[in-house]
Amino acid sequence: MSGAAIASQQHARRAGRAAEPGGLRGPALALILTAAFMVVLDFSIVNVALPSIQRELGFAGSAVQWIVTGYAISFGGLLILGGRAADLFGRRRMFIAGLIVFSAASLAGGLAHDAVLLVASRFVQGTGAALVAPSALSLITTGFAEGPHRNRALGMYGATASLGFVAGQVLGGVLVQFTSWRAVFLVNVPVGVLAVALAPRLLAESRARHGGRRLDVTGALLVTVAVAALVFAVSQLAVLGWTSPVVLAALMLAVTSVTAFVAVERHHPDPLVRPGLLRMPGLRTASTMNVLLGLWNAGEMIVLSLYFQQVLHDSPLVTGLVIAPQGIIGFTAGAFGARLTSRVGIRRVLVLTSGVATIGFLVLTRLPASGGYSPLFAAVMLVGFGTAGTAFGTMVTASQGVADQDQGLIGGVINTSRQIGAALGAALLPAVAEAVNHGGRAAGAGGDRAAMLAGAAAAALALAVALRGARELRPRLSHA
């Protein structure tokens, strides 16, 4: 073998891409997927524990939601910064740093005997997750060349995330019912410690070759403030209402920060987000669909959890088990997404999956006021297939045609768009249900059916975006 060939292979390894066509080896990919599963799991596993936490730590009724909101604000606000930091300073390095922060905050939350300390630990947890998520995604997209191998890995990534979101409902119910609410935090610690120990052995370092480029601190601060303020505003809508001065001030801060960010980026020699990236039709389509996907997914989980417990009077554990088929079929959709893509093309996958999600929500608009689960099982499986398939399709679409030096940023943008949508959905769909039920004074499933109709509208909008995107995306994407 020539010296040039050897040097080329050594550079590929240093860049985090294996020399063989298959890309990342199995154990390395499994480690990345485990970390992604843990981060997503933490979104839903805490929801079941909120009543127990409120009783033990003496949270006020209006304050307990900060356990969820604190995580959402720091996670959503720091994702783009975390993604760009991974590109510049090393994806493996940021992946490990995020795991350390996340695990330490989980330990602090599990041991907390004070409400303020618990909420603070959740903010720190979100910060760690904002480093892990885009680093994990960019380790995959830079670890595989474009094509079937990358698509298969992204399918597994999306499948794992889908399973983790729903698994949190089940695992949270089991842990709270048979142990303590503290277990929903402490369960992360051994997994995180093991992942930190294995990462240096299984993952090669990967970073962009930028020469003298440095992190755009001003742009990073502005986009972080903008996203955090927006997530905070929409998360408080159900609590404070649209006319609240706090909500309006947060929205104004978000708009002002975005305006300043755009102005700064236009004149910065090394902008955080290059304008050319935002003009890519694939990223535009993927980001828009991810906002809608996050909206219907987060809102559906909250409304269905309340529906099963308040209308059908099921326990948290039974509630999780009824919703579990959504995660199982979602895992299957992600796992086989690459095969489907190779047959029909990524554009048709986006159309198909968003269409299936729309049908699933339309079935859920017929939620029974009592009794049988059979139509619900079918409906949640349709939604699960559509959600996981759409998540997979948007990741493939966003990452194609993007240089390795920007893959971390792309991961941050994709995750941020989904978190903004999740904040909107968590505020909007429960608010629709409550409004139809006249603030809880009306009994029955009418409000929950209306919320599912709102979810169907979001999925239908995603279908429209997919159809439009199919005309905009380059023909080469159709068979990627």
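Here, each number is a calculation from the coordinates, and none is a lab measurement. This structure is a prediction, so every number in the text was calculated from the model and none was measured. FYI the Cβ positions are ideal-geometry reconstructions off the backbone, even for glycines, and counts take in every protein chain you see.
Annotations for the structure displayed:
- For the stretch 324-403, trypsin sites (Lys or Arg not before Pro) meeting the loop criterion (DSSP other than H, G, I, E, B) and having at most 16 other Cβ atoms within 10 Å: Arg366.
- Part-to-part distance (alpha-carbon centres) for the stretch 75-118 and the stretch 406-429, which is given in Å: 17 Å
- Spherically averaged projected area in nm², based on the convex hull that wraps the Cα atoms of the stretch 103-143: 2.8 nm²
- Kirkwood hydrodynamic radius of the chain, from the reciprocal of the average inverse Cα-Cα distance over all distinct pairs: 22.4 Å.
- The average projected area of the stretch 167-300, computed from the convex hull of its Cα atoms over all directions, is 12.7 nm².
- Contact order normalised by residue count of the chain, Cα under 8 Å, 6+ apart, percent: 23 percent
- Computed across the stretch 54-199, the Kirkwood radius stands at 16.3 Å (inverse of mean 1/r, all Cα pairs).
- Residues Val363, Val351, sorted so that the one with the fewest Cβ neighbours within 10 Å comes first: Val363, Val351
- Exposure proxy ranking, count of Cβ atoms within 10 Å, fewest first, for Arg449, Arg468: Arg468, Arg449
- At 0.890 mPa s and 25 °C, Stokes diffusion of the stretch 216-271 via Kirkwood alpha-carbon radius, µm² per second: 210 µm²/s
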